[in-house]
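Undergrad: Could you have a look at this structure, given as structure tokens, before my questions?
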Amino acid sequence: MNHILLKNGRILDEKTGEMAPADVRIENGVIAAVGRELPESGAETVDVAGRLIVPGLIDMHVHLREPGFEHKETIATGTAAAARGGFTTVACMPNTRPVADSPEVIGRIRETAHREGRVRVLPIAAITKRELGEELTDFAALKEAGAIALSDDGVGVQSARMMKQAMAWACELDLPIVAHCEDNSLAKGGCVHDGIFAAKLDLPGILGSAEAVHVARDIVLAEDTGVHYHVCHISAKASVDLVRMAKQKGLRVTAEVTPHHLLLSDEDIPGPDPMYKMNPPLRSAEDRAALLEALKDGTIDIIATDHAPHTAEEKAMGIRQAPFGIVGLETAFPLLYTRLVLTGHLTLAQLVEKLTRRPAELFGLPWGRLAEGQTADITVIDLDEERTIDPDNFVSKGKNTPFAGWRAKGWPVLTLVKGRVAWRESVDLVRNGQ
Ligand SMILES: NC(=O)N[C@@H](CC(=O)O)C(=O)O
Ligand SMILES: [Zn+2]
Ligand SMILES: [Zn+2]
């Protein structure tokens, strides 16, 4: 029996979006009650002292690197980083070694996550064998093994024919296609966005159109097949315009954006620093503004981190050679809260929704709501706590972030998965004098 009472919290009213005082009572992993001044009756009481209680955050795009790249991250360290960042569910990408293109690898990931993971792990399986774009994987067997979606993340599916076949089969099985959109014939050799920064340093660039041509192609194919088509880490204004059009047509097209594409543009890159190198690259200020607009008007449905840990040695190779990718799990909420909510671009309720209820709705997951009868996946956030981001303190193995030294407010302090503590920050939950 585990009964917990989170006392003196604040929750977001689903209708008004306003904060209201509330307690949350958890019984046997389920939310038993949400309301004012709930009785303690036999529960372990945790005084959260006015902090915000939200549904556990959901990240539909992370790289846990296991199996095969355990020097970058493991399921244990990646899910610890997730729990610390307030995430209770993460979907992990299949670009591991071996690639998650077989029921065996999917099974292995699930078993390891079950044993060593701190949060729920939902594996995404590869669309093509070894992500080579040549031969489809066995979607039915992968679904049976527990894959929740299909993606060749890390590379785009280059052949339209291959993508169309994938979509037709995925649609039959009701599996979403989660697409890394990148046309190799356009993107090849680039290391940053083909814009102001690339020009200044004379670096090979990647145009937004390298992404948008895949988005355009895939929307046409999604209409033909009826599949749920989800655009990964959308970054270019042209892609956003296409998704908006697809939605107006009523197609099952959705999109995610990362915190870094919302918060940075290529104008913010201080020099040839691999910490600013990721795929897709940081784009122009105009692209960034379009992403924010699209997030507000619902064209972009959710925020996902694309947590992509790499070692210090790998990132020390210089901007041309270093691998693409930055970590995100431990900084996503505070950065977005500080830079988008406290600045008035988004409401707190909008931000929370795009990290909880919306991803759950999009992928048909039974989490993401703070209500009686729901699974007790819960995150407590201290909106006033301000800290300086220091990668040395990350529990992720990956320290690769461009946000080192940034000040941010809004740190998760307690993360519960199914009513069990997945992370408790070593701060007193009850503030002095309260
Ligand atoms: N985003 C990145 O820059 N890198 C990702 C791959 C990917 O998400 O495409 C990785 O696996 O490192
Ligand atoms: Zn990708
Ligand atoms: Zn990715």
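Nothing in this text is a laboratory measurement; each read-out follows from the coordinates by a stated rule. These figures come from a predicted structure and were not determined experimentally. In this analysis, Cβ positions are derived from the backbone assuming ideal geometry, glycine residues included, and neighbour counts consider all displayed protein chains.
Undergrad: Considering only Cα-Cα distances, which of the following residue pairs are longer than 26 Å: K72/K129; K129/K354; K143/K418; K164/K247?
TA: From the list (K72/K129; K129/K354; K143/K418; K164/K247), the Cα-Cα distance tops 26 Å for K129/K354.
Undergrad: Given the DSSP H assignment, sum -39500 (n - 2.57) over each helix run of at least 4 residues in the chain and divide by its residue total; what's the result at 222 nm in deg cm²/dmol, nearest 500? Show your work: numbers first, answer last.
TA: Numbers: 14 runs with 125 residues, N = 434.
The helix contribution divided over the chain gives -8000 deg cm²/dmol.
Undergrad: How much FRET efficiency would the formula 1/(1 + (r/R0)^6) give for E104 and K200, where r is the Cβ-Cβ distance and R0 is 41 Å, rounded to 0.05?
TA: For E104 and K200, the calculated efficiency is 0.30.
Undergrad: Now a separate question. Could you give the length gained by full extension between E386 and N28, i.e. 0.36 nm per residue of separation minus their alpha carbon distance, to one decimal place?
TA: Here the segment from E386 to N28 would lengthen by 125.6 nm.
Undergrad: For segment 166-188 and segment 64-126, what is the centre-to-centre distance using only Cα atoms, to the nearest Å?
TA: Cα centres, segment 166-188 to segment 64-126: 21 Å.
Undergrad: I would also like to ask the following. Using only Cα atoms, locate the centre of segment 309-361 and the centre of segment 203-236, then give the distance between them in Å, rounded to an integer.
TA: 21 Å
Undergrad: In degrees, nearest 10, range 0 to 90: what is the angle between the Cα axis of helix 103-116 and the longest Cα principal axis of the chain?
TA: Tilt of helix 103-116: around 30 degrees.
Undergrad: So how much slack lies between Q321 and N393, counting 0.36 nm per residue of separation and subtracting their Cα-Cα distance, in nm?
TA: Gain in length upon complete extension: 23.3 nm.
Undergrad: Among F139, F363, F403, which one shows the biggest mean-square fluctuation in a GNM of the chain, springs joining Cα atoms closer than 10 Å?
TA: Evaluated over the chain, the most mobile residue of the options is F363.
Undergrad: Same structure again: Expressed as a rounded percentage, what relative contact order does segment 140-292 have, with Cα pairs under 8 Å and six or more residues apart?
TA: Result for segment 140-292 is 22 percent.
Undergrad: Based only on other Cβ atoms within 10 Å, what is the fewest-to-most ordering of L355, L186, L342?
TA: Least crowded to most crowded, the residues run L342, L186, L355.
Undergrad: Springs between alpha-carbon pairs under 10 angstrom, Gaussian network model over the chain: which of P366, P176, P323 fluctuates most?
TA: Maximum among the listed residues: P366.
Undergrad: For the residues F69, F197, F333, what sequence is obtained by ranking on other C-beta atoms within 10 Å, fewest first?
TA: The order, fewest Cβ neighbours first, is F69, F197, F333.
Undergrad: Follow-up. Round to the nearest 10 and give me the degree value, 0 to 90, for the angle of helix 285-297's Cα axis relative to the longest principal axis of the chain.
TA: Result, in degrees: 50.
Undergrad: Continuing with this model, one more query. Nearest 0.05, what FRET efficiency do E70 and R130 give at R0 = 22 Å with Cβ-Cβ as r? Working shown, then result.
TA: On the way: r = 19 Å, r/R0 = 0.87.
Efficiency computed from Cβ-Cβ geometry: 0.70.
Undergrad: Pairing the Cα long axis of helix 75-84 with the longest principal axis of the chain, what angle in degrees results, from 0 to 90 and rounded to the nearest 10?
TA: Approximately 60 degrees, to the nearest ten.
Undergrad: Hey, another quick one. With just the Cα atoms of segment 249-367, tell me how far they stretch along each of the three principal axes, in Å, largest first.
TA: 43, 31, 29
Undergrad: Taking the number of other C-beta atoms within 10 Å as the exposure measure, put K237, K15, K249, K72 in order starting with the fewest.
TA: K15, K249, K237, K72
Undergrad: Okay, next question. Return the single residue from R217, R161, R25 with maximal mean-square fluctuation; model: Gaussian network over the chain, springs between Cα atoms under 10 Å.
TA: R161
Undergrad: Segment 34-128: Rg/Rh from Cα coordinates, Kirkwood Rh?
TA: A ratio of 1.14.
Undergrad: Over the chain, calculate the relative contact order: mean separation of alpha carbon pairs under 8 Å at least 6 apart, over the residue count, as a percent.
TA: Result for the chain is 19 percent.
Undergrad: Between segment 378-428 and segment 31-62, what is the C-alpha centre distance in whole Å?
TA: Cα centroid to Cα centroid, the span is 17 Å.
Undergrad: OK, next. What percent does the relative contact order of segment 203-283 come to when contacts are Cα pairs within less than 8 Å and at least six residues apart?
TA: About 31 percent, as a whole number.
Undergrad: According to the Cα gyration tensor, what semi-axes, each the square root of 5 times an eigenvalue, does the equivalent ellipsoid of segment 339-386 have, listed from largest to smallest in whole Å?
TA: They are 23, 14, 7 Å, listed from largest to smallest.
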